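Enquirer: The structure's right below; bear with me while I get my questions together.
The values are calculated or read from the model by the stated rules, or taken from the named source; none is laboratory data. Remember, predicted model here, so these are calculated numbers, not experimental data. Virtual Cβ from ideal backbone geometry, glycine too; neighbours counted across all protein chains shown. Note: areas computed on protein heavy atoms with side chains; ligands, DNA, RNA excluded. Shrake-Rupley method; radii C 1.70, N 1.55, O 1.52, S 1.80 Å.
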Amino acid sequence: IPDAPAPATVTTARRVVAVPGTLPGSQFARWVAEVEGKPDAAARVKEFLAAQKSFPIIEGERYAHVVYEGDEAEVTLRGDMLELGQTLPLRRVAGTNLHYASFELTPGARVVYQLSKDFGQAFSDPKNPRQSQAFNLAGPASILLMPGAEQTLPAGAKGLRGRVVQLEIETPTARAETLTWGGKRKVWVYLPPGYDADTARRYPTLYVLYGNQMLNDAHLGALLDREVGQTLQPLIAVFVESTNAYEQARTFREVHRRMLAEQLVPWIDGQFRTAAEPAQRLLLGADEAGFGALETALSYPKVFGNAAAQSAYHLSTGDRELFELVDRAANKTQRFYLDWGRYDGRRVADQVDIAGFTKAVRDRMQARGYRVTG
């Protein structure tokens, strides 16, 4: 019977275990139990939703409830709160068209999720105005911000105090079986406030991998612009487009590293007033690009004196090869920053653990005497 309420808990000999996507002790769960199966359930759902100030529904500091209205037979959710590739069916409030999934998250959590219905294409949460893209989710997605997370996100390049220049660079090509790498690549260069007025000043340079996503989806250009003169000294930021899924941590790692260090950096130095010393350059990447940033900086210490990796993701034998590079790299004057998150991608079946790997790289670097923070 499709509308029959399923139990929110499973009782074992020792304890009561919550069914995934439910929080039996929450106010929302108690409201569902009061409404389900009642003659006026549909009307009570409308009244309840109209009383909400925002979606997803946040209860206290740690509970979040994703809700969806529709007559679909099945609505499912994927997101950072679940394992990579895991799909969670939303539960349906009996006698209504309201589907929901509840989660307990840390008070400062900022997670991305998406929905799909009747096994169809993924879509963002229509009730949530915070839309985005995600490295681990294909298609539109939504951002869930818990009460302790930063609530006001920059809106992109509009209204910057500095300015962004769009360029294009022609890179060599390489082939591997049926795959091709190289060709034209967009580059966006952020110039800080005052760059055009003080023609004698030279600036440290930040190189950002996955530049398009970091500029437009992560709003990094606007974040930098906001912090320059406050927590950051003025800098030039170079956002490098990724044109091939295999260039950061897979087949074309070597040619991509060579392009960054031997072609892109001299090209940028020739056009803008950059400080040319390695200590004045930082290479930044997230996910597979976090792996690429570490590997590139370790391979080219005379180009990149600093590297930062957020939630570095390796594939195949990349973990072993990066550890070997850490062990044999002679230059210990570089500085590294690594961070990882509680909701980074993870999957028990094949031992994917992005947070665990990034922390292990930090630990290995510390043991080898690198200047590393994480």
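Enquirer: Would you point out which residue out of Leu88, Leu49 is at pLDDT 95 or above and out of contact with any strand residue (DSSP E or B) (no Cβ under 6 Å at 6 or more places or on another chain)?
Expert: When all the criteria are applied, what remains is Leu49.
Enquirer: Related question: Among Tyr68, Tyr63, which is among the hydroxyl-bearing types (Ser, Thr, Tyr) and closer than 15 Å to Leu115 by Cα?
Expert: Being among the hydroxyl-bearing types (Ser, Thr, Tyr) and closer than 15 Å to Leu115 by Cα holds for just one of Tyr68, Tyr63, which is Tyr68.
Enquirer: Right, Arg257: at pLDDT 95 or above, buried (at least 17 other Cβ atoms within 10 Å of the Cβ), out of contact with any strand residue (DSSP E or B) (no Cβ under 8 Å at 6 or more places or on another chain) and more than 30 Å from Ala109 (Cα to Cα) or not?
Expert: Yes: the conditions hold for Arg257.
Enquirer: Quick one: is Thr76 under 25 Å from Val352 (Cβ atoms) and in contact with a Pro (Cβ under 6 Å, 6 or more places away or on another chain)?
Expert: Yes: the conditions hold for Thr76.
Enquirer: Right, another one. Out of everything in the stretch 175-197 that is in a strand (DSSP E or B) and β-branched (Val, Ile, Thr), what residue ends up being most open to solvent (accessible area, probe 1.4 Å)?
Expert: Among those that are in a strand (DSSP E or B) and β-branched (Val, Ile, Thr), it is Thr180.
Enquirer: So in the stretch 58-67, with the set limited to residues that are out of contact with any helix residue (DSSP H, G or I) (no Cβ under 6 Å at 6 or more places or on another chain) and surrounded by 21 or more Cβ atoms within 10 Å (Cβ to Cβ), which one is nearest to Ala42 (Cα to Cα)?
Expert: Val67
Enquirer: If Ser242 meets every condition in (1) within 27 Å of Gln151 (Cα to Cα); (2) not in a helix (DSSP H, G or I) apart from one, which number is that one?
Expert: Of (1) within 27 Å of Gln151 (Cα to Cα); (2) not in a helix (DSSP H, G or I), only one is false for Ser242: (1).
Enquirer: Answer yes if at least one residue in the stretch 217-225 is within 25 Å of Gln133 (Cβ to Cβ), in contact with a strand residue (DSSP E or B) (Cβ under 6 Å, 6 or more places away or on another chain), in contact (Cβ under 8 Å) with a residue 40 or more places away in the chain and open to solvent by 20 Å² or more (accessible area, probe 1.4 Å), and no otherwise.
Expert: Within the stretch 217-225 (the criterion being within 25 Å of Gln133 (Cβ to Cβ), in contact with a strand residue (DSSP E or B) (Cβ under 6 Å, 6 or more places away or on another chain), in contact (Cβ under 8 Å) with a residue 40 or more places away in the chain and open to solvent by 20 Å² or more (accessible area, probe 1.4 Å)), the answer is yes, since at least one residue qualifies.
Enquirer: When the residues of the stretch 329-339 are narrowed to those that are open to solvent by 40 Å² or more (accessible area, probe 1.4 Å) and out of contact with any Gly (no Cβ under 8 Å at 6 or more places or on another chain), which ends up farthest from Phe304 (Cα to Cα)?
Expert: By that ranking, first place goes to Ala330.
Enquirer: Hey, another quick one. Identify, please: which residue in the stretch 345-374 is within 21 Å of Val112 (Cα to Cα) and part of a loop (DSSP other than H, G, I, E, B) and is, among those, least open to solvent (accessible area, probe 1.4 Å)?
Expert: Of everything passing the filter in the stretch 345-374, Gly345 is least open to solvent (accessible area, probe 1.4 Å).
Enquirer: Among what's in the stretch 262-301 and is under 27 Å from the mean Cα position of the chain (by Cα) and among the aromatic types (Phe, Trp, Tyr), pick the residue that is most open to solvent (accessible area, probe 1.4 Å).
Expert: Applying the filter and picking the extreme gives Tyr300.
Enquirer: If you don't mind, there's one more thing I want to ask. Does the stretch 142-163 contain at least one residue that is in a strand (DSSP E or B) and over 27 Å from Pro56 (Cα atoms)? It would help to see each step written out before you state the result.
Expert: Initially, the stretch 142-163 is screened for residues in a strand (DSSP E or B), giving 142-145, 163.
So of that shortlist, the ones also over 27 Å from Pro56 (Cα atoms) come out as 163.
Scanning the stretch 142-163, I find at least one residue that is in a strand (DSSP E or B) and over 27 Å from Pro56 (Cα atoms), so the answer is yes.
Enquirer: Is it the case, given these coordinates, that Ala200 is part of a loop (DSSP other than H, G, I, E, B) and either of a type in the set (S, T, N, Q) or open to solvent by less than 60 Å² (accessible area, probe 1.4 Å) (or both)?
Expert: The answer is no for Ala200.
Matching residues to (1) of a type in the set (Ser, Thr, Tyr); (2) without any contact (Cβ under 8 Å) to a residue 60 or more places away in the chain; (3) outside any loop (DSSP other than H, G, I, E, B):
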| site | (1), (2), (3) |
| --- | --- |
| Glu47 | no, yes, yes |
| Gln52 | no, yes, no |
| Phe55 | no, no, no |
| Glu61 | no, no, no |
| Val67 | no, no, yes |
| Arg78 | no, yes, yes |
| Gly85 | no, no, no |
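Enquirer: Quick one: which of Gly85, Gly70, Gly60 is under 32 Å from the mean Cα position of the chain (by Cα), over 24 Å from Ala122 (Cβ atoms) and not hydrophobic (A, V, I, L, M, F, W, C)?
Expert: Values: Gly85 fails: over 24 Å from Ala122 (Cβ atoms); Gly70 fails: over 24 Å from Ala122 (Cβ atoms).
Result of the check over Gly85, Gly70, Gly60: Gly60.
Enquirer: Also: Against the definition (open to solvent by 50 Å² or more (accessible area, probe 1.4 Å) and either touching a Lys or Arg at 6+ places or on another chain (Cβ under 7 Å) or at positive phi (or both)), how does Arg342 come out, yes or no?
Expert: no
Enquirer: Does at least one position in the stretch 71-92 carry a residue that is of a type in the set (Gly, Ala, Ser), more than 30 Å from Gln310 (Cα to Cα) and open to solvent by less than 60 Å² (accessible area, probe 1.4 Å)?
Expert: There is no residue in the stretch 71-92 that is of a type in the set (Gly, Ala, Ser), more than 30 Å from Gln310 (Cα to Cα) and open to solvent by less than 60 Å² (accessible area, probe 1.4 Å).
Enquirer: What are the residues in the stretch 1-45 that are touching a strand residue (DSSP E or B) at 6+ places or on another chain (Cβ under 9 Å), open to solvent by 60 Å² or more (accessible area, probe 1.4 Å) and modelled with pLDDT of 95 or more, if any?
Expert: Gln27
Enquirer: Pull out all pairs, ordered by first then second residue, where Cβ-Cβ is under 8 Å, the residues are six or more apart or on different chains, the first lies in the stretch 285-301 and is touching a residue at least 60 places away in the same chain (Cβ under 8 Å), and the second is of a type in the set (Asp, Glu).
Expert: These pairs meet every condition: Gly292/Glu247.
Enquirer: Sticking with this one: I'd like the full set of residues that are hydroxyl-bearing (Ser, Thr, Tyr) and over 24 Å from Arg273 (Cα atoms), limited to the stretch 212-247.
Expert: Answer for the stretch 212-247, where residues must be hydroxyl-bearing (Ser, Thr, Tyr) and over 24 Å from Arg273 (Cα atoms): Ser242, Thr243, Tyr246.
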